[in-house]
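Below: one structure, written as structure tokens.
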Amino acid sequence: MAKFPKDFLWGLATAANQYEGGWNEGGKGPNTSDVLTNGSHTVPRRVTWKNPETGETGSVTMTFGPMMKFLKGAVPTVLENEYYPSHIATDFYHHYKEDIALMGEMGLRTFRLSMNWARIFPNGDDAEPNEEGLKFYDNVFDECKKYGIEPLVTLSHYETPLNLTIKYGGWKDRRLIDFFVKYAETVMKRYLGKVKYYLTFNEINVMDMMPWMGGGIMDASPNVLANAAHYQFVASAKVVKLAHELSPELRIGQMLAYGPIYAYTCDPEDQLKALTTMHGSLFYSDVQTGGYYPPYRLKQYERDGIVLDCQEGEMELLRDYSADFLSFSCYGSNTMTTHEIKDGGAGNMFAGAVKNPYLETNAWGWATDPQVLRIALNQLYDRYRKPLWIVENGIGWNDVKEEDGSVHDDYRIDYLRKNISSMRDAVVLDGIPLMGYTMWGGIDLVSAGTGEMRKRYGFVYVDRDDEGKGTLARSRKDSFYYYKKVIASDGEDLD
């Protein structure tokens, strides 16, 4: 059987707001995830607030789409008697040595983590960085080096400093460009020689779906969202330019939430629906990786009366400093139709998607597509001709820990086998230049969408429940040993 290249970067992926904890330790300030409550797959997460003048408190449901309406005078705030999963998460802040040792035991070659922006600049607009926060990541990267693990750092993973939302309205204000670039410059200079791969914004296209998470935006409109995305594009291009000036070794990637769109039938209307839905994601990579605003989006702006706040030289900046590589999350495909479907079921990430009758789903309605990574890799490489990196792929499941401490997650192993096989075909049969694969979670963490712990993704079980109870003890699942074997064989042994 064919293998992956010897330098292929096998790893796992995490996010500070779901994994790190220590939310108010070491000089860290609050971020937008720190005011998000827990939820479930039936009960949405909420953003809590307080009116400092009246003392009134409340919360706003976080939903797909920009419709989050705060009352006048409401300030996003941490309240007593609410549970916020990000505050402790699964406590990497105090367990980083243990966790990185487990990664080393698996044989990982890379570790994707996000830096908590508010740990470096507690308010986002501070004159000077927080040295204690910088030192924490120094320790993390030094620990990675002990095990030969290459860090892949996401600069902003749903962790906009809360002060930037309260004071400026989040990414609706173009002043955040300079705050972000200053933050990026600070960390790239500090960790030069320790970190060479960075991603700017996690799943940048989430701005359209969940602007609170993507940009710390409270009240959004189509015009606000278009310009918030533009500001992030400009910030990313400035970071690419800065990185290339700092060191030829630094590489800056885009991170896109992606899933191939299938038409439910061969009806041309279904085919067109699939195409236009796909444009919603590809617009973001057309700009950030392709280096241009696609005509289909500019025409949409024209129809919708959207005025883009584009300053002189910014289109040239986007063209000249596009992303060095395209990384993406891909958990499965989505199926779209213009027809009414009885018992259509859930369809993964996209609103309006329907159940694909050829695929099996888990308890959250997410389908396992055994060909999805090969299809996605070919689609994206054909469009951009740049190196690719799969930085999220995984399956959430309500894992059960046995009395002897074991966790028999054969469903995760089956998911891995199918997805790695699909990815291998793209590399070996199609010649796609794939840099690496970081499966989502690796070590159990809080679900971003639902705030649950029961929706587990890791190879390592963490003793913590949906109410924040548990010892936080780590134990290896069966998938831990499976992934270790896959890495040791360079993807040849998938049995």
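Restricting the search to region 416-441, which residues are within 20 Å of the chain's Cα centre (by Cα), modelled with pLDDT of 95 or more and not hydrophobic (A, V, I, L, M, F, W, C)? Listed by number, the residues that qualify are 419, 436, 437, 438. Is it the case, given these coordinates, that residue 311 is surrounded by 23 or more Cβ atoms within 10 Å (Cβ to Cβ), at negative phi, modelled with pLDDT of 95 or more and not in a helix (DSSP H, G or I)? Judged against the criteria, residue 311 is not a match.
Applying the criterion of being within 23 Å of the chain's Cα centre (by Cα), modelled with pLDDT of 95 or more and part of a helix (DSSP H, G or I) to the residues of region 279-303, the residue that is surrounded by the fewest Cβ atoms within 10 Å (Cβ to Cβ) is 279.
Within region 119-134, the residues that satisfy the criterion of being outside any loop (DSSP other than H, G, I, E, B), within 24 Å of the chain's Cα centre (by Cα) and not hydrophobic (A, V, I, L, M, F, W, C) are 119, 133.
Candidates are the residues of region 10-39 that are part of a loop (DSSP other than H, G, I, E, B) and within 28 Å of residue 437 (Cα to Cα); the one that is farthest from the chain's Cα centre (by Cα) is 22. Only one entry of 39, 55, 27 meets the criterion of being touching an Asp or Glu at 6+ places or on another chain (Cβ under 8 Å), on the phi > 0 side of the Ramachandran plot and of a type outside the set (Ser, Thr, Tyr), and that entry is 27.
Restricting attention to region 176-196, the residues that are surrounded by 24 or more Cβ atoms within 10 Å (Cβ to Cβ) and either at positive phi or outside any helix (DSSP H, G or I) (or both) total 0. For region 397-410, residues that are part of a loop (DSSP other than H, G, I, E, B), surrounded by fewer than 23 Cβ atoms within 10 Å (Cβ to Cβ) and within 25 Å of the chain's Cα centre (by Cα) total 2.
Within region 23-57, if we keep just the residues that are of a type in the set (Gly, Ala, Ser) and surrounded by fewer than 19 Cβ atoms within 10 Å (Cβ to Cβ), the residue that is nearest to residue 122 (Cα to Cα) turns out to be 27. Scanning region 40-57 for residues that are in a loop (DSSP other than H, G, I, E, B) and not basic (Lys, Arg) yields 40, 41, 42, 43, 44, 51, 52, 53, 54, 55, 56.
The condition of being in a strand (DSSP E or B) and either more than 15 Å from the chain's Cα centre (by Cα) or aliphatic (A, V, I, L, M) (or both) holds for only one of 217, 252, that being 252. For region 337-353, filtering for residues that are crowded, with 17+ Cβ neighbours inside 10 Å and at pLDDT 90 or above leaves 1. The single condition among (1) within 24 Å of the chain's Cα centre (by Cα); (2) at pLDDT 95 or above; (3) closer than 22 Å to residue 169 by Cα that residue 79 does not satisfy is (1). Of the numbered criteria (1) at negative phi; (2) out of contact with any strand residue (DSSP E or B) (no Cβ under 8 Å at 6 or more places or on another chain); (3) small (Gly, Ala, Ser), the one residue 235 fails is (2).
Residue-by-condition table, conditions (1) acidic (Asp, Glu); (2) surrounded by fewer than 19 Cβ atoms within 10 Å (Cβ to Cβ); (3) at pLDDT 95 or above:
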| site | (1), (2), (3) |
| --- | --- |
| 385 | no, yes, yes |
| 388 | no, no, yes |
| 412 | no, no, yes |
| 478 | yes, yes, yes |
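Of the residues making up region 220-231, those that are within 10 Å of residue 172 (Cα to Cα) and either in a helix (DSSP H, G or I) or acidic (Asp, Glu) (or both) are 223, 224, 225, 226, 227, 228, 229, 230, 231. I'm trying to understand the selection: among the residues of region 72-91, which are crowded, with 22+ Cβ neighbours inside 10 Å and more than 23 Å from residue 218 (Cα to Cα)? 89, 90 - these are the residues of region 72-91 that are crowded, with 22+ Cβ neighbours inside 10 Å and more than 23 Å from residue 218 (Cα to Cα).
Determine whether residue 265 is in contact with a strand residue (DSSP E or B) (Cβ under 6 Å, 6 or more places away or on another chain), among the β-branched types (Val, Ile, Thr) and either at pLDDT below 95 or part of a loop (DSSP other than H, G, I, E, B) (or both). Criteria not met by residue 265.
The values are calculated or read from the model by the stated rules, or taken from the named source; none is laboratory data. Quick caveat: nothing in here was measured; it's all calculated off a predicted structure. Here the Cβ is made from the backbone with ideal geometry for all residues, glycine too, and neighbour counts use every protein chain on show.
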